[in-house]
Structures are given as structure tokens and as C-alpha cells.
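Trainee: Encoded as C-alpha cells, here's the structure I'll be asking about.
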Amino acid sequence: MVTTTYQVQGMTCGHCVSAVSAEVGAIPGVNDVQVDLASGQVTVTSEDALDTASVRAAVDEAGYDLVDA
């Protein structure tokens, strides 16, 4: 298992959390998604390391921006 934390910009409410959780959770190999609305951090647990482009695309699909590390 690999756990990675990403910074997401633009989330302001529970709907935002749900949208990001659903999109990121749909990436193959993802087991768990935890979103901290206050900090904008999204912690993803997956079978293997995820391609950042896949995470960025999922966050973008949800309507938010992945902040570059």
C-alpha cells in the first residue's frame, strides 16, 4: 500500500469533498480517499504509486485544481 497526500485548491464545501472523493476514488488501484476540507489536503491510499497526471485529471474532472508540489 502507498499513501500519498495532494494539495487541492478551490474546495469550499461538503459537495466539493464528495466530488473530489468520487473522482479520485474511481482511479484504478485506489483503495481509500480522505479529504480535509479545511487544509485542502487529499490523502489517497492505493495499491501502487499513482501517476500524478491521473490524479490531476480526476481532480480537474471534479472541478478543482491540483497544486504542484
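Trainee: Which residues, counting only those in region 30-63, are among the charged types (D, E, K, R), out of contact with any strand residue (DSSP E or B) (no Cβ under 7 Å at 6 or more places or on another chain), surrounded by 13 or more Cβ atoms within 10 Å (Cβ to Cβ) and without any contact (Cβ under 8 Å) to a residue 24 or more places away in the chain?
Mentor: Listed by number, the list holds a single entry, Asp36.
Trainee: Here is a further query. Confirm whether Gln7 is assigned to a strand (DSSP E or B), in contact with a helix residue (DSSP H, G or I) (Cβ under 9 Å, 6 or more places away or on another chain) and either of a type outside the set (Lys, Arg) or at pLDDT 95 or above (or both).
Mentor: Values: assigned to a strand (DSSP E or B): yes; in contact with a helix residue (DSSP H, G or I) (Cβ under 9 Å, 6 or more places away or on another chain): no; either of a type outside the set (Lys, Arg) or at pLDDT 95 or above (or both): yes.
Here the answer is no, as Gln7 does not meet what is asked.
Trainee: Looking only at region 18-57, count every residue that is in contact with an Asp or Glu (Cβ under 6 Å, 6 or more places away or on another chain) and either closer than 10 Å to Tyr6 by Cβ or not in a helix (DSSP H, G or I) (or both) and tell me the total. Spell out the reasoning first.
Mentor: First, the residues of region 18-57 that are in contact with an Asp or Glu (Cβ under 6 Å, 6 or more places away or on another chain): 23, 29, 45.
If we keep only those that are either closer than 10 Å to Tyr6 by Cβ or not in a helix (DSSP H, G or I) (or both) as well, we get 29, 45.
The number of residues fulfilling the criteria is 2.
The values are calculated or read from the model by the stated rules, or taken from the named source; none is laboratory data. Model, not experiment: these values are computed from the prediction. All Cβ positions, even for glycine, are placed from backbone atoms using ideal geometry, and neighbour counts span all protein chains on display.
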